[in-house]
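Here's the structure we're looking at; comments come further down.
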Amino acid sequence: MPTLTREKPPSARARLLQAALTIIRAKGYSATSIDDLCTAAGVTKGAFFHHFPTKEALAVAAADHWSEITGRMFAAAPYHTHADPLARVLGYIDFRASLLAGPVEGFTCLAGTMVQEVFAEHPPIREACDTAITTHAENLEADIAEAMAAHHVTNTTARSLALHTQAVVQGAFILAKARGGPDLARETVTHLRRYFELLFQSNTTQGEPKP
């Protein structure tokens, strides 16, 4: 008979990070107290300060954790299977649209939420959020660059377009918060898809294809 092994329960640190992802997206950084985080994580304040000297330190670690878990999710997304790089880019946008469902705090971005609130008062959090957002854009940049080369798009850069996708998505999250639901956010991301379609189409359908 095979030996059954139990998975180790999440550590206090892991539970605090998960609590931060949930509560800060729902309440914001300033409104989230250490007591809130400890209660949600089921740990004592002593455990909190054992792992994080300050709430700011937790927020920095939470931004890194957010980047790691979302990075794994996007790396496993089905749009990577497309052979055509433009199809991968459009598939990425479609995948982002598919995530815009349910309660607003369930699909908005931790990094975007925190950086809007604390960019001036907490430079370490701002830098961690910048890294999270920029790294995500960089993961899309290679597909955009390949699509640009295949479709002869030369009037911009892959880096600029990758960052533009993040600007639109973060703006969509703001609209979702303002409206209290995902409908307008999905419409905004749909416009982003149309923009990419028109940008790449304009280089293949107006007159002769560019060499």
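The values are calculated or read from the model by the stated rules, or taken from the named source; none is laboratory data. Just so it is clear, the structure is predicted and the values come from calculations on it, not from any experiment. Because the Cβ atoms are built from the backbone with ideal geometry, glycine has one as well, and the counts that use them run over all protein chains shown. What goes into the accessible areas is simple: the full protein's heavy atoms, side chains included, and nothing from ligands, DNA or RNA. Shrake-Rupley method; radii C 1.70, N 1.55, O 1.52, S 1.80 Å.
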Acute angle (nearest 10 degrees) that the helix 85-98 long axis makes with the longest principal axis of the chain, alpha-carbon atoms: 40 degrees
query: Carbon and sulfur together cover what percent of the accessible area of region 54-119 at a 1.4 Å probe radius?
result: 63 percent
task: Step through the residues of region 141-156 one at a time and calculate ³J(HN,Hα) from phi using the Karplus curve (6.51 cos²θ - 1.76 cosθ + 1.60, θ = phi - 60°), rounding each to whole Hz and writing x for Gly and Pro.
output: 4, 5, 5, 5, 4, 5, 5, 4, 5, 5, 10, 6, 8, 10, 8, 7
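How much of the pair distance distribution for the chain lies past 23 Å, counting alpha-carbon pairs only, in percent?
Considering the chain, 53 percent of its Cα-Cα pairs are separated by more than 23 Å.
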- prompt: So how tilted is helix 55-75 from the main axis of the chain? Cα-based, degrees 0 to 90, rounded to 10.
  reply: 40 degrees
field: Where a label projected 7 Å from the Cα of Gln116 along Cα→Cβ would reach, residues of region 31-70 with amide N under 15 Å
entry: 31
field: Size of electric dipole in the chain: Cβ of Lys, Arg +1 and of Asp, Glu -1, about Cα centre, debye, nearest 20
entry: 500 debye
message: I want to verify a result. In a Gaussian network model of the chain, Cα cutoff 10 Å, which of these has the top mean-square fluctuation: Cys38, Cys129, Cys109?
response: Cys38
query: With point charges of +1 on the Cβ of Lys and Arg and -1 on the Cβ of Asp and Glu, referenced to the Cα centre of the chain, which listed residue (Phe107, Ala185, Gln18) lies farthest in the positive direction of the dipole?
result: Gln18
field: Tilt relative to the chain, helix 158-179 - C-alpha long axis, 0 to 90 degrees, to 10
entry: 60 degrees
